[in-house]
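Here is the structure we will look at, set down as C-alpha cells.
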Amino acid sequence: MAHTLETRLRQAQAEPMAPIDLLSCLISDELTKRSDRLLERRRKQADFRDPHRSLDNFDFAFNPKMNRSLIFDLATGGFVAKHEDALFLGPGGTGKSHLAQAIGQAVILQGYRVHYREAHVLLDDLADAAAAGTRKQFMTALATVPLLIIDDFGMRKLPLTAAEDLLEIVMRRYERASTLLTSNRPVEDWGKVLGDTAAVSSMLDRLLHHGHLLKCGPRSWRTKTALPPQD
C-alpha cells in the first residue's frame with residue numbers, strides 16, 4: 001500500500017474522501033498489484049517458448065477452415081476445469097505452437113497454472129531428474145499442474161524410453177488434469193516415432209477419451225512468402 005499511499009492521500013484531500021473510502025482504495029490497489037504479480041509469476045513458471053503469442057496476433061484468415069469455435073472454447077479454460085485434453089495436429093508452420101501457447105496464456109488468466117515444454121525438452125528434463133534422484137518428485141509436479149502443454153511431438157528424435165515416459169505422464173494426468181499436445185506427425189506414424197505401438201495406442205486412448213482434436217493446416221506460414229503468384 002505504501003506505493004500508492006501518497007497519491008491516494010492527495011486524492012482524499014482534493015475530493016474530499018471519507019476515511020473508509022480512502023482505506024477501500026488502498027486495499028483495492030494492493031489486491032490489484034497482488035493479482036498482477038501472481039499472473040506474471042505464473043507466466044514465468046509456464047516458461048513459454050514464445051511468451052508473446054496470443055489469439056489476438058494469430059492470423060485466422062490464413063487457414064480459414066480451422067475450427068475457430070473450438071479454439072476460443074479452449075481459451076475459456078473450461079476444458080481444464082473438466083480435466084479434458086486437446087490434440088493439435090497438422091504440418092509444420094500451420095500455427096499449432098502459436099495456438100497452444102496462446103491458449104496457455106488465456107488459461108493462466110482464468111486462474112490456472114500452466115507448464116509448457118517441447119516434447120524432447122520435457123523428456124530431457126525427466127532424464128535429468130532421474131539422474132539427480134528426483135524423478136518421483138518431478139513426475140508428481142507434472143501430474144498435478146492443471147494444464148501441461150507438450151509441444152512439437154515428432155519434430156526431433158526422442159530417447160529410447162520416450163514411449164514409456166510419455167505414457168506414464170499421460171496416465172498419471174488422465175481425468176485428473178489437462179494435457180495439450182501438438183504434433184506435425186499423423187497419429188498413424190506415432191508408433192514408428194516412439195517404436196512402441198502398444199504404448200501409443202494406450203496414450204491415444206486416454207488423450208482422446210475426453211479430448212478435443214484440432215486439425216491445423218494445410219497451409220504453412222513458412223511457405224507463405226515463398227508461394228508463387230496465383231493466376
**Request:** Give me the pairs, please: first residue somewhere in the range 92-113 and in contact (Cβ under 8 Å) with a residue 12 or more places away in the chain and assigned by TED's automatic domain parsing to the domain that holds D56, second residue anywhere and among the β-branched types (V, I, T) and assigned to a loop (DSSP other than H, G, I, E, B), beta-carbon distance under 6 Å, and either six or more positions apart or on two chains.
**Result:** R113/V145
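Taking the stated definitions as given, is I71 assigned to a helix (DSSP H, G or I), touching a Phe, Trp or Tyr at 6+ places or on another chain (Cβ under 9 Å) and surrounded by 18 or more Cβ atoms within 10 Å (Cβ to Cβ)? Spell out the reasoning first.
Details: assigned to a helix (DSSP H, G or I): yes; touching a Phe, Trp or Tyr at 6+ places or on another chain (Cβ under 9 Å): yes; surrounded by 18 or more Cβ atoms within 10 Å (Cβ to Cβ): yes.
Criteria met by I71.
Please state which one of H115, H83 is surrounded by 14 or more Cβ atoms within 10 Å (Cβ to Cβ) and part of a loop (DSSP other than H, G, I, E, B). I'd like the intermediate steps shown before the answer.
Details: H115 fails: part of a loop (DSSP other than H, G, I, E, B).
Of H115, H83, the one residue that is surrounded by 14 or more Cβ atoms within 10 Å (Cβ to Cβ) and part of a loop (DSSP other than H, G, I, E, B) is H83.
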**Asked** Here are some conditions: (1) in a strand (DSSP E or B); (2) modelled with pLDDT under 95. W190 meets all but one. Which one does it not meet?
**Response** (1)
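Within the group D56, D85, D73, which residue is in the same structural domain as N184 (by TED's automatic domain parsing), more than 29 Å from V187 (Cα to Cα) and modelled with pLDDT of 90 or more? Step through it out loud before you land on a result.
Values: D85 fails: more than 29 Å from V187 (Cα to Cα); D73 fails: more than 29 Å from V187 (Cα to Cα).
Going through D56, D85, D73 in turn, just one is in the same structural domain as N184 (by TED's automatic domain parsing), more than 29 Å from V187 (Cα to Cα) and modelled with pLDDT of 90 or more: D56.
Which of the residues spanning the range 125-172 are touching a strand residue (DSSP E or B) at 6+ places or on another chain (Cβ under 6 Å) and either over 24 Å from G90 (Cα atoms) or assigned to a strand (DSSP E or B) (or both)?
Taking the range 125-172 as the starting set, the residues that turn out to be touching a strand residue (DSSP E or B) at 6+ places or on another chain (Cβ under 6 Å) are 145, 147-154.
Answer for the range 125-172, where residues must be touching a strand residue (DSSP E or B) at 6+ places or on another chain (Cβ under 6 Å) and either over 24 Å from G90 (Cα atoms) or assigned to a strand (DSSP E or B) (or both): V145, L147, L148, I149, I150, D151, D152, F153.
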**Hits in the range 133-161 - residues which are farther than 24 Å from A81 by Cα and touching a Phe, Trp or Tyr at 6+ places or on another chain (Cβ under 9 Å)** = F153, G154
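The values are calculated or read from the model by the stated rules, or taken from the named source; none is laboratory data. Keep in mind that what you see is a predicted model, and the values were worked out from it rather than measured. Quick reminder, even Gly has a Cβ in these numbers, built from the backbone with ideal geometry, and neighbours come from all protein chains shown.
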